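The values are calculated or read from the model by the stated rules, or taken from the named source; none is laboratory data. Fair warning: this is a prediction, and the values are worked out from it, not measured in the lab. Positions of Cβ are backbone-derived with ideal geometry, glycine not excepted, and every protein chain shown enters the neighbour counts. Protein only, heavy atoms only, side chains kept; ligands, DNA and RNA dropped before computing areas. Shrake-Rupley method; radii C 1.70, N 1.55, O 1.52, S 1.80 Å.
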Amino acid sequence: MNLKHAVFLCCWYLLVLAVSAKEVLYKTHVQVGKNEIQGSEISKEKINYHPREENWQDSGREEPEPVLDDDPKGKENTIENEKLKSLEYYFHIKSNLEERDYEWTLYYATTLRKIGLSYQRLGEFSKALDFYNYSQVVFRQIKYYESEYHKVLYYNFYSLYRKDLQKPCKAAYWLQKANLLETLTTRQTENLENIKKMQNQCSGKEG
């Protein structure tokens, strides 16, 4: 074996080791993030959300409001407090993920999306859009791009633009992207009808 051949084999071996180490590190980050973050999120949702709405993600609808006491006294303030608590909770998760360098994981992208949804519920639509866009940036860089998880973000964009920002052209755009990932035939048909309605409302002058 000549020197050039030996050097080539050595470089090739180092390259394989580097790629393998990067993949192992990524999988480790994802698994640790799953163990530390996902469990607490699922527990919170099971406690606070109505069981009839457990399949909200599959339907493309918004996450349901937390279940509240029947006592009407102070109910409006209680709803506001629950929304603020939800926002604080997801910001806490965001900080934990950043401390562990998990910014480019599914859990981080989903947390950003949920912060955006919390802001949308509070009526702070500009901040909601900022965090939806931030989540979109992360999704575009990870292997869950255009996945079922990403589809939920598209529906969130659609809801924000249609219901709150009153921009049917952009709402139609995001619903089209969600519909490309939709697996339910009935939902696809309903989406196509809504897309057509919104496109008919487009003025072409949306900011």
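Annotations for the structure displayed:
- Residues (of a type outside the set (Ser, Thr, Tyr), in a helix (DSSP H, G or I) and without any contact (Cβ under 8 Å) to a residue 12 or more places away in the chain) located in region 119-137: 127, 133, 137
- Checked against the criterion of being over 21 Å from residue 98 (Cα atoms) and not aliphatic (A, V, I, L, M), region 110-122 has at least one qualifying residue.
- Residue count, region 180-199 (criterion: more than 24 Å from residue 139 (Cα to Cα), open to solvent by 100 Å² or more (accessible area, probe 1.4 Å) and of a type outside the set (Lys, Arg)): 3
- Some residue of region 150-168 being outside any helix (DSSP H, G or I) and of a type in the set (Ser, Thr, Tyr): no
- Conditions (1) charged (D, E, K, R); (2) touching a Phe, Trp or Tyr at 6+ places or on another chain (Cβ under 8 Å); (3) open to solvent by 50 Å² or more (accessible area, probe 1.4 Å): number failed by residue 177: (3)
- Residue within region 138-151 that is without any contact (Cβ under 8 Å) to a residue 40 or more places away in the chain, of a type in the set (Val, Ile, Thr) and buried (at least 21 other Cβ atoms within 10 Å of the Cβ) present: yes
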